[in-house]
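What follows is a single structure, written as structure tokens, with notes after it.
The values are calculated or read from the model by the stated rules, or taken from the named source; none is laboratory data. Being a predicted model, the structure only gives us computed values, none of them experimental. Using ideal geometry, Cβ is built from the backbone for each residue, glycine included, and neighbour counts are taken over all protein chains shown.
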Amino acid sequence: MEDYLTPDPLWCITQTSLAPEETKHYEGLLTQGSGYLHLRGSYEEGLAAAPQDETYMRMPANVTVEVPRHPRSKAGTYLPGVTGQHPLLREEVVNLPNPLAMTVRCQGRTLDMDSGDIFEFSRTLDLRDGVLHRRFCWRLPLGELRCDFTRFVSQARPGLIVQRMDFCASSPMTVTLDATVDETVTTNGYCHFRTTEPCAQGQAFGVTVTTDNGDTVTLMSRCQGAPASVSANRGTLELCCGAGVPVRIDRLTLVSCSRDPQPRDAQALAAELETLCAAPDALYAPHAAVWQQLWEKSGVIIRGDDQAQFALNVSLYHLLRAANRNDSRVAVCAKGFAGEAYFGHFFWDTELYLLPFFLYTNPAIARSLTRFRIGTLDGARENAAAYGYPGAKYAWESSVTGAEQCPNWQYCDHEVHITADVVFGLWHDWKATGDRAFLEEMLPVLTETTRYWLARVQHHPDGTVHLNGVMGPDEYICMCNDSAYTNTMVRYALRVTREAGALLGKSLLTANEQEQAAYVEEHLVIPRREDGMIWQCEAFDRYEDPDFTSLWPDRTKRFGAVVSQERNYRTKALKQADVLMLPYLFPDTMDARQLQQTYDYYYPLTTHDSSLSYIIHAIVKARMGDAEEAYSLFEKALAIDLDGGAAEGIHIANCGGIWQGVVMGFCGMDWCYCRDDLHFTPHLPAHWQEVSFRIVWHGAAHRIRVTHDGVSVEEDDQ
């Protein structure tokens, strides 16, 4: 492991201060993972001021404006798919026993980064290989102890955590290290462990837990050091440090769960650890090689803008880390498995914000995400039946079964556009790959969602069709009729269902259902103003104008946090882009005049309380040819996770949006469902000299280079 990469400021997140208010932010921002396993960037030894076993009852709330309970630190260990049942929050991903936990003692003191005895502190996550380095000096009564902690979650061997600790004392001293696997952690204040069984096999130690959902997880760890200076008894080590003589400890941890294709028990994990501990230095190279391959496929280079390059690298790192390319039973949760907010649930983020990045860079990962929706069709059927409808209604907040997990009625009852969004994502995959077998595979989803829409719409005597009592992407209007976004997506879903049937030469719908679907597709209303501008919903003009000047004087706070929901739900204040999602997804929806008119109307009403908002406005503005204003909006999106916003986890949808902002926005790449050929209409910011990236288009890889002089496209033979 001595072949770590040389630090590069464009590729390294670096923390140099120990400000208490930043601790949780860096824990989220420095999250490591392999798709299979994710670890928040908490300190191995924890903080005395932040116990991890606190229990309380977290209530359902508007997570966008909810005040987090833990201001100091929250460790996090997540296996996507391992869930538990919360009494109020429904099913949530479980924060598993902490496999990093340890206590370090020397000269009667216990290591705590909150003490005033720490200096020369720095912590760096290298995005190129996902390795986290922490270096500091600990001031003790009889000298100083220099500490260097390094760890990574292996990409080459799922479930393996590699830690290395180097100590060097200024004078002779003995350091005691007690390594444990801490099973006392809670998830959102709740304990999901039905059973807890400590494990010991030879020099390995750990725990097996069973969640209240019946998932079993075993975590086994083993420590070792130089024999001459370290005496070890399972997790307890005594280090005899001579003055200026480095002492090294390696700790390896393996995780396995009952969801694995071949689950391993404590004995099997201990035997594997014994083998791995014989050559810990050999574990880094294959891990780094996987990261290198991921970056070769997905990296984007921006010449002329280090700020944008760094933020983009951070976003792509978390996208690549969060997606499990080997398991279509899970998707990517809203916080990228970097925190407990949103409870590990899957949203429309999957189709609208995450899927495009993977479809155009690594289609195999994209297919894992789209197959997740196919695999949860039964859950969607159950959702529809629970509301008294036939067919399939996809969950606004999904867990591994596809059953609705959203604890707030406003969203789960009314934000039905997710069902059309799922079909949109499946069709996007088909258009990107042309995989006829996959088209066949997704046909039941198209069929069952069509049946849901046929039952959900309302037919008026004048022949028009309406969709009432819904919530569009702008969640600040609770219930409305004929949401323009929702109805457009429903019409699109019905159209592609018809097209899929024609391509396959068959349909699972009856002749009568096909006739009804064609009628709804044609007659479902898109509300418009007299001059043709699209209204967000029916009667939108009769909602109250928001008095932002008096109601929202402090713009550092979200609008939704300073007004009541009652007031919010009756005004035109928008949480995020809504109607503007339409020209973003379907550029032919509006001509240049209509787009300018629509943007000018809705933008002043938009609060951007959602992390999904700025990037959509940036993309639309770039396509309008206003690169300067687009870049200003783009900068706001770049800052969402970097400027203190990652405390409760990564805004992973915004990460996917940032990639789209560069490729679809400034570089002007068209969607593959809009045209067959690879086409660009770039509007680069003036200070950007060049953007280069790799794109997969209909199964063929290309290297793209965009400058102010034009676009070059070359075949990529990798």
Worksheet, complete the sentence: Residue set Val400, Val457, Val465; condition under 27 Å from the mean Cα position of the chain (by Cα) and either modelled with pLDDT of 95 or more or within 28 Å of Leu508 (Cβ to Cβ) (or both); output residue Val400
Discussion item. Condition first: in contact with a Lys or Arg (Cβ under 9 Å, 6 or more places away or on another chain), modelled with pLDDT of 95 or more, crowded, with 18+ Cβ neighbours inside 10 Å and of a type in the set (Val, Ile, Thr). Can you find one or more residues in the range 497-513 that meet it?
Written reply: no
Fill in: Failed criterion for Thr64 (all others in (1) outside the structural domain of Arg135 (by TED's automatic domain parsing); (2) in contact (Cβ under 8 Å) with a residue 60 or more places away in the chain; (3) hydroxyl-bearing (Ser, Thr, Tyr) hold)
(1)
Fill in: Filtered residue count, the range 158-181, keeping only those that are crowded, with 20+ Cβ neighbours inside 10 Å and either on the phi > 0 side of the Ramachandran plot or not polar (S, T, N, Q) (or both)
13
Worksheet item: Restricting attention to the range 558-575, and to residues there that are outside any helix (DSSP H, G or I) and small (Gly, Ala, Ser), which single residue is modelled with the lowest pLDDT?
Response: Ser564
Practice prompt. Please name all residue pairs, on different chains or six or more residues apart, with Cβ atoms under 9 Å, provided the first residue is in the range 92-116 and is in the same structural domain as Met220 (by TED's automatic domain parsing) and the second residue is surrounded by fewer than 18 Cβ atoms within 10 Å (Cβ to Cβ) and among the aromatic types (Phe, Trp, Tyr).
Written response: Met113/Phe121
Worksheet item: Only one of (1) within 16 Å of Tyr43 (Cβ to Cβ); (2) at pLDDT 95 or above is not met by Pro97, so which one is it?
Response: (1)
Discussion item. Tell me whether the range 656-668 contains one or more residues that are touching a Ser or Thr at 6+ places or on another chain (Cβ under 6 Å), surrounded by 15 or more Cβ atoms within 10 Å (Cβ to Cβ), of a type in the set (Val, Ile, Thr) and not assigned by TED's automatic domain parsing to the domain that holds Gly76.
Written reply: yes
Worksheet entry | Candidate set: the range 468-491, residues that are assigned to a loop (DSSP other than H, G, I, E, B) and more than 26 Å from the chain's Cα centre (by Cα); chosen: the one modelled with the lowest pLDDT | Met479
Item to complete: Only residues that are buried (at least 19 other Cβ atoms within 10 Å of the Cβ) and part of a loop (DSSP other than H, G, I, E, B): list them for the range 363-402, please.
Response: Thr376, Gly391, Ala392, Lys393, Tyr394, Ala395, Trp396, Glu397, Ser399, Val400, Gly402
Worksheet item: Going by the structure shown, is Ala323 surrounded by 24 or more Cβ atoms within 10 Å (Cβ to Cβ), aliphatic (A, V, I, L, M) and either in contact with a strand residue (DSSP E or B) (Cβ under 7 Å, 6 or more places away or on another chain) or touching a residue at least 40 places away in the same chain (Cβ under 8 Å) (or both)?
Response: yes
Fill in: the range 284-307: number of residues that are under 22 Å from His702 (Cβ atoms) and of a type in the set (A, V, I, L, M, F, W, C)
5
Fill in: Test: residue in the range 196-211 that is in a loop (DSSP other than H, G, I, E, B), surrounded by 20 or more Cβ atoms within 10 Å (Cβ to Cβ), in contact with a strand residue (DSSP E or B) (Cβ under 9 Å, 6 or more places away or on another chain) and in contact (Cβ under 8 Å) with a residue 60 or more places away in the chain
no
Worksheet item: Only one of these conditions is not met by Thr14: (1) under 20 Å from Val93 (Cβ atoms); (2) surrounded by fewer than 19 Cβ atoms within 10 Å (Cβ to Cβ); (3) among the hydroxyl-bearing types (Ser, Thr, Tyr). Which number is it?
Response: (1)
Discussion item. Anything in the range 403-420 that is more than 21 Å from His466 (Cα to Cα), of a type in the set (A, V, I, L, M) and buried (at least 24 other Cβ atoms within 10 Å of the Cβ)? List them, or say none.
Written reply: none
Worksheet item: Would the range 421-442 turn up any residue that is assigned by TED's automatic domain parsing to the domain that holds Ala384, crowded, with 21+ Cβ neighbours inside 10 Å and of a type in the set (D, E, K, R)?
Response: yes
Item to complete: Please indicate, with yes or no, whether at least one residue in the range 624-638 is part of a helix (DSSP H, G or I), among the hydroxyl-bearing types (Ser, Thr, Tyr) and surrounded by 19 or more Cβ atoms within 10 Å (Cβ to Cβ).
Response: yes
Practice prompt. Restricting attention to the range 17-35, report how many residues are under 17 Å from Asp129 (Cβ atoms) and surrounded by fewer than 24 Cβ atoms within 10 Å (Cβ to Cβ).
Written response: 3
Item to complete: Would you mention how many residues in the range 557-571 are surrounded by 15 or more Cβ atoms within 10 Å (Cβ to Cβ) and in contact (Cβ under 8 Å) with a residue 40 or more places away in the chain?
Response: 6
Fill in: Those residues of the range 592-623 which are in contact with a Pro (Cβ under 9 Å, 6 or more places away or on another chain) and in a loop (DSSP other than H, G, I, E, B), in sequence order
Thr607, Ser610, Leu612
Worksheet item: Only one residue in Asp531, Asp578, Asp554 is surrounded by 15 or more Cβ atoms within 10 Å (Cβ to Cβ), among the acidic types (Asp, Glu) and part of a loop (DSSP other than H, G, I, E, B). Which one?
Response: Asp578
Item to complete: Kindly check whether there is at least one residue in the range 605-618 that is of a type outside the set (Lys, Arg), over 23 Å from the mean Cα position of the chain (by Cα) and modelled with pLDDT of 95 or more.
Response: yes
